[in-house]
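So the structure is just underneath, and the comments pick up after that.
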Amino acid sequence: MRLSIASIAALAISTFEVAVASNCWASTLIVLASYGPLDDLRTNAMLFCNLFSSNVTSVVHSSGGYGFGHQSAAFIGTFANYTSCVSTFNKLVTDCYGPGPTLPITLGGSIHDAGGARLAISFGNGVEV
């Protein structure tokens, strides 16, 4: 079986995405802070990546930030594409938010995208990104 260059590149990118580790922040939650629910973050991933991934917008962004409710996200660098951006965003949420539907286990975290972007997400207000 022969693999095309595109197949090898896609496999390498998907393998890289799986191997990338999230860097979760402190697990001590701020008592008076408000935290957005886990379900909102899944929707926020799509909104964020529609704004900042290079194959969706005609402008290539090298940095940016966006706030949604009590949560916010910021990045520096360039995302590989929309799918990679959403996958990276959701991996960080899965790794650092935890299973609770309304209260995260950490304050947020950061992760590298396959395209080279560094993404940081804050799960609640009162925490600087």
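The table below gives the values:
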item: Residue list for segment 85-129, restricted to those being touching a Gly at 6+ places or on another chain (Cβ under 6 Å) and among the polar types (S, T, N, Q); result: Ser122
item: Residue match in segment 25-36 (condition: under 17 Å from Val86 (Cβ atoms) and either surrounded by fewer than 14 Cβ atoms within 10 Å (Cβ to Cβ) or at pLDDT 90 or above (or both)); result: no
item: Residue within segment 64-77 that is touching a residue at least 12 places away in the same chain (Cβ under 8 Å), more than 16 Å from Pro37 (Cβ to Cβ) and crowded, with 18+ Cβ neighbours inside 10 Å present; result: yes
item: Among the candidates Leu107, Leu103, Leu92, residue that is over 15 Å from Ser53 (Cα atoms), more than 8 Å from the chain's Cα centre (by Cα), crowded, with 18+ Cβ neighbours inside 10 Å and of a type in the set (A, V, I, L, M); result: Leu107
item: Residue under evaluation Ser87, criteria (1) in contact (Cβ under 8 Å) with a residue 60 or more places away in the chain; (2) in a loop (DSSP other than H, G, I, E, B); (3) polar (S, T, N, Q), criterion not met; result: (2)
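The values are calculated or read from the model by the stated rules, or taken from the named source; none is laboratory data. Keep in mind that this is a model prediction, so the values were computed, not measured. No Cβ is skipped: glycine too gets one built from the backbone with ideal geometry, and neighbour counts run over all protein chains shown.
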